[in-house]
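Values in this text are rule-based calculations from the coordinates and carry no lab data. Given the structure is predicted, the values throughout are model-derived calculations rather than measurements. Cβ coordinates were reconstructed from backbone atoms using ideal geometry, including for glycine residues, and neighbour counts include every protein chain displayed.
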Amino acid sequence: MDLLDTLTAKGLRREIPTREEALAVLATTDDELLDVVAAAGRVRRQWFGRRVKLNYLVNLKSGLCPEDCSYCSQRLGSKAEILKYTWLKPEQAAEAAAAGLAGGAKRVCLVASGRGPTDRDIDRVADTIAAIKDANEAVEVCACLGLLSDNQAERLKAAGADAYNHNLNTSEGTYGDITTTHTYADRVDTVNKAHGAGLSACSGLIAGMGESDEDLVDVVFALRELDSDSVPVNFLIPFEGTPLAKEWNLTPQRCLRILAMVRFVCPDVEVRIAGGREVHLRSMQPLGLHIANSIFLGDYLTSEGQAGQADLDMIADAGFEVEGAGQVTLPRHRVDAAEAAGHACAPAGGACGSGGGCGPCGGHGEAAPAAGSAPVAADGQDIAPDSAPNDELRSDLVRVRRRGAGTELAPNA
């Protein structure tokens, strides 16, 4: 296919496709799907080999957020029966982080719900970063705390944070349809604050909220313009008790096309499959590894992921390898450019996962098919196709997290 040959050649040269080419990727047919994956896979291997970076979430503060993000199980007015707790103590967070690091994660993402941190909150997170790094000096730490005020990014950098996550989530044109308590410009400002302070900037999107192909292309080009080191791609899981509870708009094929489009637009950037991969990609998750070079290990913030060992087995079975602590995530040219600019992507070049204004990485309750403390893989289970009637929706696949940080149960890692 001429389109895929063109996109592959551009990706190998770090050239950005046109908007029309990006839209054409999303419009490809199921018959062309494996060709699309193979083309994106060539670009992925050029810049990241067969390495898969593992990231682990620690939810420092859960629920009770004053923001009204429609996709979020922690939003103002949410009736989702999620865990709600205030700030973990530094030693509790360090203990939770240790589980992920023992499972092979090289980055810990510290997340807190809320509009943004107070100065006292920054002090809390600084103490938590110190506790985690005292136990494992080589660990990378990403903070995801919402909208930043002046000098807060600099304080996080001084405390030892390596990265800051804040997602754009959707296009500027449709942002007001999902959130009214802050603006798209607020989010852009926070990403720029993080980058300006020398933190590795991480910013991504949530697909499946009813957006158009044009919206998806808009937000990915905007992320490229922001020069994020890491782009997490979340797939919405409609949580009961939120305004988007009935928005089941994704298929595995659609998810793979979205990932491929992101890879072509961001050829040399860490692309992470974040919240919702277990539910929406299901048995096609290994194909996603041929496009993305990063995933979360184990559970998310308010929902449960597949067992950590299942993630590790999937990576090995697909012929990939877990990225080691001593390996640099980003290609050398991006690391050199970041060092020259005084930014912090050199140690590992990636960042946290998703979320943004109200914090959560892995997508505000974007779920995985596990129940209680016994995770159950979703492979092979069908979710209602696009435009399926509500009585066919597989709401049983959305499982609230009941283990790990803030609970009495051991985490899944």
- Which of His182, His166, His290 comes first, and how do the rest follow, when ranked by fewest Cβ neighbours within 10 Å? His182, His290, His166
- Over all distinct alpha-carbon pairs, what is the Kirkwood Rh of segment 121-172 in angstrom? 11.8
- Query: So which GluC sites (Glu not before Pro) in segment 1-110 pass both tests, a DSSP loop state and at most 16 other Cβ atoms within 10 Å of the Cβ?
  - Reply: Glu15, Glu81
- In segment 136-210, which GluC sites (Glu not before Pro) fall in coil by DSSP and have 11 or fewer other Cβ atoms within 10 Å? Glu137
- Message: Number of Lys pairs in segment 42-341 with C-alpha atoms less than 15 angstrom apart, excluding same-chain neighbours closer than eight positions?
- Response: 8
- Message: If the only charges are +1 at each Lys and Arg Cβ and -1 at each Asp and Glu Cβ, what is the size of the charge dipole of the chain around the Cα centre, to the nearest 20 debye?
- Response: 880
- Query: So what J values fall out for segment 195-207 if you push phi through Karplus, 6.51 cos²θ - 1.76 cosθ + 1.60 with θ = phi - 60°, rounded to Hz, Gly and Pro as x?
  - Reply: 4, x, 7, x, 7, 5, 8, 10, 7, x, 9, 10, 9
- What list do you get for Thr179, Thr174, Thr302 if you sort them by fewest beta carbons within 10 Å? Thr174, Thr179, Thr302
- Go ahead and collect, in residue order, the members of segment 238-268 whose backbone nitrogen is under 19 Å from a label point 7 Å along the Cα-Cβ direction of Glu15. 261-268
- Task: Hey, can you grab everything whose amide H is under 5 Å from the amide H of Ser303? Only 5+ residues off in sequence or another chain; H modelled, so Pro and N-termini drop out.
- Result: Gly365, Arg401
- What number, in percent, do you get for the relative contact order of the chain if the mean sequence gap of Cα pairs under 8 Å and at least 6 apart is divided by its residue count? 24
- Task: Count charges around Ala337 for me, please; just the other residues with Cβ under 11 Å from its Cβ, Lys/Arg as +1, Asp/Glu as -1.
- Result: -3
- Which value in nm describes the separation of the simple spin-label points at Ala135 and Asp213, placed 7 Å from the Cα toward the beta carbon? 4.7
- Task: Take every DSSP beta bridge whose two residues both sit in the chain, then give the antiparallel share in percent to the nearest 5.
- Result: 10
- With just the Cα atoms of the chain, tell me how far they stretch along each of the three principal axes, in Å, largest first. 55, 54, 41
- Kindly write out, for segment 6-19 in residue order, the coupling ³J(HN,Hα) from the Karplus curve 6.51 cos²θ - 1.76 cosθ + 1.60 (θ = phi - 60°), rounded to whole Hz, with x marking Gly and Pro. 5, 5, 5, 4, 5, x, 5, 9, 6, 8, 8, x, 7, 4
- Query: Based only on the alpha carbon positions, what is the Kirkwood hydrodynamic radius of segment 16-75, in angstrom?
  - Reply: 15.8
